[in-house]
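The values are calculated or read from the model by the stated rules, or taken from the named source; none is laboratory data. If you're wondering where the values come from, they're calculated on a predicted model, not measured in any experiment. Because the Cβ atoms are built from the backbone with ideal geometry, glycine has one as well, and the counts that use them run over all protein chains shown.
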């Protein structure tokens, strides 16, 4: 059973990484897509999900809420019998990428500024209800 909990903790780290990657790469996709004329980056579904995801992170930071994925991973590690982070080689690398050693206020500032950039893209690269609308 401990191996199952360890595997679930590793999967949780990868899901956490995928969430972060979508938020970060999504912003780059919008900016690059604007320059390259990609219409899909104006899709309201994509943009709405992207904005919602960063706003959740900003909300958690402002209110001092620990990310549920972090809490889940830590709980699974304890259930697996791990006292500190060990995981597999890949999970350990992903974990180290996600959890830098900075004061909490620095993360709040970073997340807030990043969220503001995402919101700014709604003005710079507006969404389109129909992707067949003419260019700006």
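What the table below lists for this structure:
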{"quantity": "Top-ranked residue in region 77-95 [being under 28 Å from residue 62 (Cα atoms) and at pLDDT 70 or above; ranked as surrounded by the most Cβ atoms within 10 Å (Cβ to Cβ)]", "calculated": "77"}
{"quantity": "Within region 62-72, tally of residues that are assigned to a helix (DSSP H, G or I), modelled with pLDDT of 90 or more and touching a helix residue (DSSP H, G or I) at 6+ places or on another chain (Cβ under 8 Å)", "calculated": "3"}
{"quantity": "Number of the exception - residue 8 against (1) closer than 18 Å to residue 68 by Cα; (2) outside any helix (DSSP H, G or I)", "calculated": "(2)"}
{"quantity": "Long-range neighbours under 9 Å by Cβ, at least six apart or interchain, first residue more than 19 Å from residue 25 (Cα to Cα) within region 96-123, second at pLDDT 95 or above and surrounded by 11 or more Cβ atoms within 10 Å (Cβ to Cβ)", "calculated": "108/58; 108/62"}
{"quantity": "Within region 21-43, tally of residues that are surrounded by 15 or more Cβ atoms within 10 Å (Cβ to Cβ), under 9 Å from the mean Cα position of the chain (by Cα) and free of Cβ contacts under 8 Å to residues at least 40 places away in the same chain", "calculated": "1"}
{"quantity": "Filtered residue count, region 34-45, keeping only those that are part of a helix (DSSP H, G or I) and either out of contact with any helix residue (DSSP H, G or I) (no Cβ under 8 Å at 6 or more places or on another chain) or within 13 Å of residue 126 (Cβ to Cβ) (or both)", "calculated": "7"}
{"quantity": "Residue under evaluation residue 13, criteria (1) under 16 Å from residue 99 (Cβ atoms); (2) surrounded by fewer than 13 Cβ atoms within 10 Å (Cβ to Cβ), criterion not met", "calculated": "(2)"}
